[in-house]
Amino acid sequence: MSQQPEPTVQQLFDLTGRVALLTGASGYLGSSFAQALAEAGATVVVGSRDVARAKEALQALPGPAQHHAVVLDQMDHASLESGFRAAVKAAGKIDILVNNGHEALGKDLTNVTGEEFTRHLGNATSYFLLARLLHDHAVERKAPASVIMIGSMYGVVGSYPDAYAGLCNASPVAYHTLKGGIVHMTRHLAVYWATDGVRVNCLSPGPFPNEPRVPHEMVERLCSKSPMKRMGKPHELKGTLILLASDAGSYITGQNILIDGGWTAW
Ligand SMILES: NC(=O)c1ccc[n+]([C@@H]2O[C@H](COP(=O)([O-])OP(=O)(O)OC[C@H]3O[C@@H](n4cnc5c(N)ncnc54)[C@H](OP(=O)(O)O)[C@@H]3O)[C@@H](O)[C@H]2O)c1
């Protein structure tokens, strides 16, 4: 009996014919994720709370696939559902979900209110609800799917108080709680959905500050905490994203992959 030839590396990473829904596509890392998916051949459905921002993100994407834009506010469950349905309608199906959107919180452990803390955790609720929509869609289609949660090194380690002291709020306690929860939710969903062919993984960036939006002094302090002594650049996440999205990652599920210049290796 003749054996099927092994797929090549090019075939494994190729996303031609796949559709990816990406939330927060207009953002600092999201715009790079959208580029990566399009460059790998996928049709990308970009999500934003704002239709003009979604269209702008769409314009920036390379072909040959045709891309689409949907309005999706992850803090509003009706909008999550309508955004997902609009994405399926526009592209015909969804194979890959990148849960990247993030409603930020400027308050830390000294000044956050209970309501603000609870609202912030709603970012995780939406990651789950969107992931379940993709799971149910994939099961209905009898097709495999990949969910990629965007976590953070701060879902795995505490921050250094002296990196922020005197400059800005500390990294928010609600953020650490949120991202730790997302890392662990990944494992739970991966186990339940493995036999349905739905893989669930988490990509956790280390420090990727969007300068000049943050104090330069803080960036210098963060660099001193990193084994590589520098911050990450958005394109340094592209390879791992495509690994997890594509057949190259077909035996990877339930994992949290940290891309952090060695930050969590100390
Ligand atoms: N940058 C870093 O150093 C770093 C490190 C670790 C982890 N991360 C994670 O990486 C992800 C992207 O971060 P980033 O630095 O690229 O942030 P960013 O530039 O602020 O982008 C965040 C995106 O989230 C979207 N968003 C905000 N509220 C939303 C809502 N209610 N519903 C749906 N989308 C919403 C925004 O899009 P619209 O305004 O267009 O809706 C925006 O494009 C986040 O999950 C973040 O926690 C970042």
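The values are calculated or read from the model by the stated rules, or taken from the named source; none is laboratory data. Note that the structure is a prediction, hence the values are computed from the model and not measured. In this analysis, Cβ positions are derived from the backbone assuming ideal geometry, glycine residues included, and neighbour counts consider all displayed protein chains. With ligands, DNA and RNA removed, areas are computed over all heavy atoms of the protein, side chains included. Shrake-Rupley method; radii C 1.70, N 1.55, O 1.52, S 1.80 Å.
Here r is the Cβ-Cβ distance between L121 and Q11 and R0 is 45 Å; the resulting FRET efficiency, rounded to 0.05, is 0.65. Hey, any idea what the orientation-averaged projected area of the convex hull of the stretch 221-266's Cα atoms comes to, in nm²? Projected area, direction-averaged: 3.8 nm². With R₀ set to 25 Å, the beta-carbon distance separating W266 from A104 gives a calculated FRET efficiency near 0.40. Each Lys and Arg contributes +1 and each Asp and Glu -1, all at the Cβ; summed about the Cα centre of the stretch 9-265, the dipole is approximately 300 debye. Give, as a single signed number, the net charge of other residues whose beta carbon lies under 12 Å from the beta carbon of T8, with Lys and Arg counted +1 and Asp and Glu -1. Combined, the nearby Lys, Arg, Asp and Glu give -3.
In the stretch 9-265, one over the average inverse separation of all distinct C-alpha pairs is 18.5 Å, which is the Kirkwood hydrodynamic radius.
In this structure the chain gives 48 Å² per residue of accessible area when probed at 1.4 Å with all protein chains present.
Relative to the dominant Cα principal axis of the chain, helix 173-193 is inclined by about 20°.
The share of accessible area on the stretch 9-265 that comes from carbon and sulfur is 55 percent, using a 1.4 angstrom probe. So, taking all protein chains as they sit and a 1.4 Å probe, how much accessible area belongs to H120, in Å² rounded to tens? The accessible area comes out at roughly 10 Å². Reported to the nearest whole Å, the Cα centre-to-centre distance from the stretch 213-266 to the stretch 42-79 is 24.
Between V71 and E56, the distance separating the two model label sites (each 7 Å from Cα on the Cα→Cβ line) works out to 1.6 nm. Quick one: helix 77-91 against the long Cα principal axis of the chain, what's the angle to the nearest 10°, folded into 0 to 90? Once rounded, one gets 40 degrees. Of the residues T43, A190, L258, the one whose Cα sits farthest towards the positive end of the charge dipole of the chain is T43 (charges of +1 on Lys and Arg Cβ, -1 on Asp and Glu Cβ, taken about the Cα centre). Only DSSP H runs of four or more residues enter the estimate; each adds -39500 (n - 2.57), and after division by the residues of the chain the mean residue ellipticity at 222 nm equals -13000 deg cm²/dmol. Taken about its Cα centre, the stretch 85-222 carries a charge dipole of about 620 debye when Lys and Arg each add +1 at the Cβ and Asp and Glu each add -1 at the Cβ.
Each Cα pair under 8 Å and six or more residues apart adds its sequence gap; the mean of these over the residue count of the stretch 9-265 is a relative contact order of 19 percent. Relative to the longest principal axis of the Cα atoms of the chain, the long axis of helix 216-225 makes an angle of roughly 80 degrees. Beyond 32 Å in Cα-Cα separation lie the following of the pairs K93/K238; K179/K233; K55/K225; K107/K238: K55/K225.
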